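Notes follow the structure.
All of the numbers you see were taken from the coordinates with simple rules; none came from a lab. Every value quoted in this text rests on a predicted model; they were computed, and no experiment measured them. Neighbour counts run over all protein chains shown; Cβ positions are idealised from the backbone, glycine included.
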Amino acid sequence: MACANAKKKLMKKSKLTFSEKVYKFISKIPKGKVSTYKEVAKFLKCRAYRAVGNALNKNPYTKIPCHRIIKSNGEVGGFATGTNKKIKMLKKEGVEIKNGKIDFKKYQFTLKH
């Protein structure tokens, strides 16, 4: 319950930090869809792809689906609690991973401004 309340506070806050903006974007990605570090940065009008990854690695909100962010080349990428856990979570949501990659045409989520 505390996590849900923290997520609501994050969504209502007017001046968000960079990390909070990342979490807000990520929270909109539905199950079974993915986005990339690059797409998150582009949505935030910057090129700080690595900063997006760092924010996700330090995410304090358990309800933010960080596992839905992958590399631009379709590879799964890292995860704070391990890549194998990230793969399991994505597969549980119906995302297929073939030869270590995810098909963007099938699974990519794009948020419009």
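Quick look at the values:
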item	result
Residues 22, 95, sorted so that the one with the fewest Cβ neighbours within 10 Å comes first	95, 22
Which of 96, 39 has the fewest Cβ neighbours within 10 Å, and the rest in rising order	96, 39
Unsatisfied cross-links (Cα-Cα over 29 Å) in the set 15/105; 58/88; 15/85; 31/101; 42/88	15/105; 15/85
Relative contact order computed over the chain (Cα-Cα under 8 Å; 6+ residues apart), in percent	29
Cα convex hull of the stretch 24-113, projected area averaged across orientations, nm²	5.4
The stretch 26-70: C-alpha gyration tensor shape, a/c 1.5 cut-off, then a/b vs b/c	oblate
Kirkwood Rh and Cα Rg combined as Rg/Rh, the stretch 67-109	0.91
Helix-only CD estimate at 222 nm, as mean residue ellipticity for the chain, using -39500 (n - 2.57) per DSSP H run (n ≥ 4)	-12000 deg cm²/dmol
